[in-house]
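Each value in this text was obtained by applying a stated rule to the coordinates, not by laboratory testing. Because the structure is a prediction, the values reported are computed rather than measured. Note that each Cβ is placed from the backbone with ideal geometry, even for glycine, and that neighbours are counted across all protein chains shown.
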Amino acid sequence: MPPLTVGMNPWVGYDPLVLARDRGLTDPRQLRVVELPSASETLRHMRNGLLDAATLTLDETLRLAETGSDVRIVAVLDASTGGDVVMAAPRIATPAQLQGEFIAVEDSAVGALLLQRMLQKAGLSRADVKVTNLEVAQHLSALQSGEVAAAVSYEPLASAMETAGFRRIFDSRQTPDEILDVLVVRADVLQERPQAVDALLNAWYAGLHVFQLDTPGAAQSLALGTDLSPSAYEVVLGGLAFYSRNDSAQELTGNPPALVAKGQVVADTLAAIGLIRTTPRWENLIDRQPMQRLQRLQGGGAVQ
């Protein structure tokens, strides 16, 4: 049986999995962690059946499910509390000044949600700006060339833009509980390979434990894959809040699960801007069983 393959894009909120792999906390015969250049690429790999699981934002998961991918949310990983950012040219001081300007956004990913929230708060609509659909790896060069006046990005890429002289004009602190990262697994994998899914969850929490136990040490190794110094990487971590095992289990339980209330706000926003057409079937989208198995094995008891 090949290892379970989990995909992720470059975002500090997913780095506990990288740390688990790099520190030998995973069994490569059971789990393969694949780093992809963008969320759009991760979504493409999931749709094409090249991945068994992925780390995604909640809104990306809703859009993936609507396109026919049979996936389940098995854990809530973290919440963005400033790590998702709109970066702008120095001449742009406020979101309202973006009227008539070009804005780069990876429209298949979380950027579309943050863009919508920024425009709403600025009293603008998408018709008031010129949206350019670009994957995040192209955002800095688009800003530097003057092709766009702003870009919807995330850490650690946003800090590289700031170093290059661009300014933050909006971030996810102004959209609390809306940008959540989740772990999704294909339904057939959950059914056929539950032990591999359990190994994936164990790897995440093993990596998170090391991440939080020795943040400077983790930053030292993880910053190598970014344009950040270890100290700058630690500052970036202030833009997200990780969920503990118990916190994640609580989000996935209840009738309906607690996650549904937050998720429905996101779904309504996506529907309003035409990015999804149907109401999510939350009872199909959330699977609490892997987290409950983990809770029992860890002696935490299952959350009812």
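Cα convex hull, the chain: 117 Å³ per residue, rounded to a whole number. Simple spin-label estimate for Gln289 and Ala258 gives 2.3 nm between the two label positions (7 Å along the Cα-to-Cβ direction from each Cα). For the pair Gln174 and Trp282, the difference between a 0.36 nm per residue extended length and the Cα-Cα distance amounts to 36.3 nm.
Computed from point charges on the beta carbon alone (+1 for Lys and Arg, -1 for Asp and Glu), the dipole magnitude for the chain about its Cα centre is near 320 Debye. Label positions at Gln220 and Asp107, each projected 7 Å from the Cα along the C-beta direction, are separated by 4.5 nm.
All alpha carbon pair distances within region 84-174 were sorted into 5 Å bins beginning at 0; the resulting P(r) in whole percents reads 3, 17, 32, 29, 16, 3, 0. In the distance distribution for region 205-274, Cα-Cα pairs more than 16 Å apart total 64 percent. Across all Cα atoms of region 1-160, the radius of gyration (one decimal) and Dmax (whole number) stand at 17.0, 55 Å. Label-to-label distance for Ser125 and Gln138 is 2.7 nm, based on points extended 7 Å past Cα in the beta-carbon direction. List the pair-distance distribution P(r) of region 11-80, using every Cα-Cα distance, as the percent of pairs falling in each 10 Å bin from 0 up to the bin containing the longest distance, rounded to whole percents. In order of increasing distance, the bins hold 17, 52, 29, 2 percent. Residue separation of Arg32 and Arg44 scaled by 0.36 nm, minus their Cα-Cα distance, works out to 2.5 nm of gained length.
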